[in-house]
Amino acid sequence: MSIDARVRGCRAAGTLRPGRTLVKRPGPFDNQRGMDSIGRARFRIALLLLVAIAAAPGDARAQGLQHFREARAASQRGDYDTAIREYTLAIDAGDLSHPNSFFVFNNRGNVYAAKRDWEHALQDYSEALKRNPKFAAAWRNRGLVYARTGDHERAIQDFTEAARLDPDDPHALIYRGLVYCERREFDRAVQDFDAALTACPTCPHALSGRAAAAARQDCR
C-alpha cells in the first residue's frame with residue numbers, strides 16, 4: 001500500500017483539513033495540530049488574536065479577518081476555489097499582524113493540498129514556516145505533502161522537526177513511522193510507533209502500524 005493511501009487511512013487519528021489544523025485524525029493536513037487535534041486550543045487562541053485585530057480602529061483593519069472567515073467557511077463546505085481566493089484576499093489586505101499571517105498561509109496550503117496541488121501547497125507551508133519556524137503543524141503538513149509526492153527524505157526531516165516542537169502530539173511520529181515502513185526500515189518504524197503510543201496508547205494507526213512493522217510487513 002502506498003504512503004498516500006496509508007496517510008489517507010490515518011484520518012481516524014489526526015489530519016489535514018482545509019479549514020482547520022490537523023487534530024485528532026491523522027489525515028492529511030493540519031491547520032493547527034493534527035492539522036486538527038491537539039491544535040484546537042491553539043487555533044482558538046489564533047482566532048481570538050485575529051478578532052482583536054478586527055476590533056482595532058479603522059474599517060481596513062477588519063478586511064483581512066473578514067476574508068479569513070469567509071475562506072474558512074468556504075473550505076468547510078468544500079468550495080476550495082473560493083477558499084483560495086478568500087485566503088489570498090486576506091493575505092493581500094495586509095492588515096493581519098505578523099504573528100497571525102503564518103496561519104493564513106498554512107490554511108491556504110491545506111486547501112491546495114485538498115486539491116492535490118502539491119506545488120502551491122509546499123509554497124504556502126514554506127511561507128508559513130518562514131514567518132513562524134516554531135509552527136509544528138506547518139512542519140507536519142509540509143511533511144505530508146513530501147510523503148505523498150515520494151520525497152521521503154524531506155518528509156522525515158519535517159516530521160522530525162514537528163515532533164521536536166510538539167512532543168505531546170503523536171501524529172508526526174505516526175507519519176514518520178509510515179514513511180519508514182514505506183522505505184522498509186521497520187526497526188525505525190517500530191521505534192516511532194512505540195513513541196507515538198507513549199503519547200496516545202489507543203491511537204489505532206500507531207497500534208496497527210507497530211504490529212505490521214514488527215512483523216516486517218506493510219503498515220496498512
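Worth a mention:
- Derived scalar couplings ³J(HN,Hα) [region 146-162; Karplus, 6.51 cos²θ - 1.76 cosθ + 1.60; whole Hz; x for Gly, Pro]: 4, 5, 5, 9, x, 8, 5, 4, 5, 4, 4, 4, 5, 5, 5, 5, 4
- Point-to-point label distance, residue 211-residue 81, nm (Cα→Cβ direction, 7 Å offset): 4.4 nm
- Cα centroid separation, region 79-97 to region 106-178: 21 Å.
- At full extension, residue 119 and residue 154 could sit 11.2 nm farther apart than now, given 0.36 nm per residue minus the alpha carbon distance.
- Nearest-0.05 FRET efficiency for residue 66 and residue 188, computed from C-beta distance (R0 41 Å): 0.35
- Here the Karplus curve 6.51 cos²θ - 1.76 cosθ + 1.60, taken at θ = phi - 60°, turns the phi angles of region 190-206 into couplings of 4, 4, 5, 5, 4, 5, 5, 5, 5, 7, 9, x, 10, 4, x, 7, 6 Hz, with x standing for Gly and Pro.
Readers should treat all values here as calculations from the given coordinates under stated rules, not as data from a laboratory. Computed from a predicted structure; not experimentally measured. Cβ atoms come from the backbone with ideal geometry, glycine included; neighbour counts cover every protein chain shown.
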